[in-house]
Amino acid sequence: MNSEYKLIQYSAMAISFLFLKEADAEAVYTNIDPDTILNDNLEVIRIDMDNNGSYDFAFLKFTGTGYTYWSEEYSYFYYLHASPQISGNAIAGLKSVIDPSYGGFTLYYPYALLEGDLIDEELDFQNDFYQVLAFSHHSEDGGGDNGGLWFPEITSHFLGVRFIDGDNCIHYGWIRCDVKPGVDTLIIKDYAFESKCDVGILAGDTLGDTKTFAIVENTLSGVTVYSFNSDVFVNIESLRDNYQIVITDLNGKIIYNNILIETTNKIILDDYSIGYYFVKIVTGNKQFTKKIFIN
């Protein structure tokens, strides 16, 4: 059977680039429009993260039949694979050794990361060529098993990736995907990487350097929010309306809620842990939301 290849390149699709700076941060973001869909047997999607002419990662759907080494029952196999394409490239995930007492073999399972998860050297990265996003086995007698960290259905989660460019610079990035039920379809929506060498990135980040990034479409103009150490600074051009500020942690717990009465505001968060927080400014039906880092 012939394989169908879908090549995701900057020049081949309607793609937007964001080269956005904040505190010397710079991420490269690619929006795939329309989303790329992998749903045919032996179909392959390849991604060139930095558009340097070399494909960094690939995705494969495989459907087959046959016998497993542990069973004489005829089985049907369904797999969605993710694969680094260059030596040194890798995908964040775990590995599992099957039947180690008999020599066994190792399977690799990429993580399904949440928005805001940090992708850097602290994660476990695997460079095996066939890593299993999701799988399903069905035998003739009605038995079988399923698995993978993207099974049975995952929507808008992130693969954490690491790749090496032509200058031997290590970049961390993410690829946003959906997996549909039955290991039937993989949808790739967008991806990004931190352009600075050896610097991590948050899953979903489009600014880079893990300091701040836009998480919603902001409809409120004239507002500036930034952080320094444990302080949050909020500047507003005009206070003609009531402006409410809400600060929450990543779990949605409100740690600060007040009405702004000045155009220039400093909020001290000394009593809270180092990490990431959401700052939301609301007036009427408009809002401004930003993710900040407190240290």
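The values are calculated or read from the model by the stated rules, or taken from the named source; none is laboratory data. Because the structure is predicted, anything quoted here is derived from the model rather than measured. Neighbour counts run over all protein chains shown; Cβ positions are idealised from the backbone, glycine included.
Points worth noting:
- Of the residues making up region 128-152, those that are surrounded by fewer than 14 Cβ atoms within 10 Å (Cβ to Cβ) and of a type in the set (D, E, K, R) are 140, 141, 145.
- Selection within region 250-260 - modelled with pLDDT under 90 and of a type in the set (A, V, I, L, M, F, W, C): 250, 254
- The strands (runs of 3 or more DSSP E) found entirely in region 245-295 that carry 1 or more residues being out of contact with any Ser or Thr (no Cβ under 9 Å at 6 or more places or on another chain), of a type outside the set (Val, Ile, Thr) and closer than 21 Å to residue 202 by Cβ are 275-283.
- Residue match in region 117-129 (condition: aromatic (Phe, Trp, Tyr) and out of contact with any Gly (no Cβ under 8 Å at 6 or more places or on another chain)): yes
- Residue within region 144-165 that is assigned by TED's automatic domain parsing to the domain that holds residue 35, outside any strand (DSSP E or B) and more than 26 Å from residue 35 (Cα to Cα) present: no
- Restricted to strands (runs of 3 or more DSSP E) entirely inside region 49-142, those with at least 2 residues that are farther than 30 Å from residue 252 by Cα and modelled with pLDDT under 80 are 57-67, 74-84, 131-139.
- Odd one out for residue 10 among (1) at pLDDT 80 or above; (2) under 22 Å from the mean Cα position of the chain (by Cα); (3) assigned to a loop (DSSP other than H, G, I, E, B): (1)
- Residue within region 168-188 that is in a helix (DSSP H, G or I), hydrophobic (A, V, I, L, M, F, W, C) and either surrounded by fewer than 17 Cβ atoms within 10 Å (Cβ to Cβ) or in contact (Cβ under 8 Å) with a residue 24 or more places away in the chain (or both) present: yes
- Residue in region 204-213 that is modelled with pLDDT of 90 or more, small (Gly, Ala, Ser), within 18 Å of the chain's Cα centre (by Cα) and crowded, with 21+ Cβ neighbours inside 10 Å present: no
- Qualifying residue in region 230-253 (condition: in contact with a His (Cβ under 7 Å, 6 or more places away or on another chain) and either surrounded by 16 or more Cβ atoms within 10 Å (Cβ to Cβ) or not charged (D, E, K, R) (or both)): no
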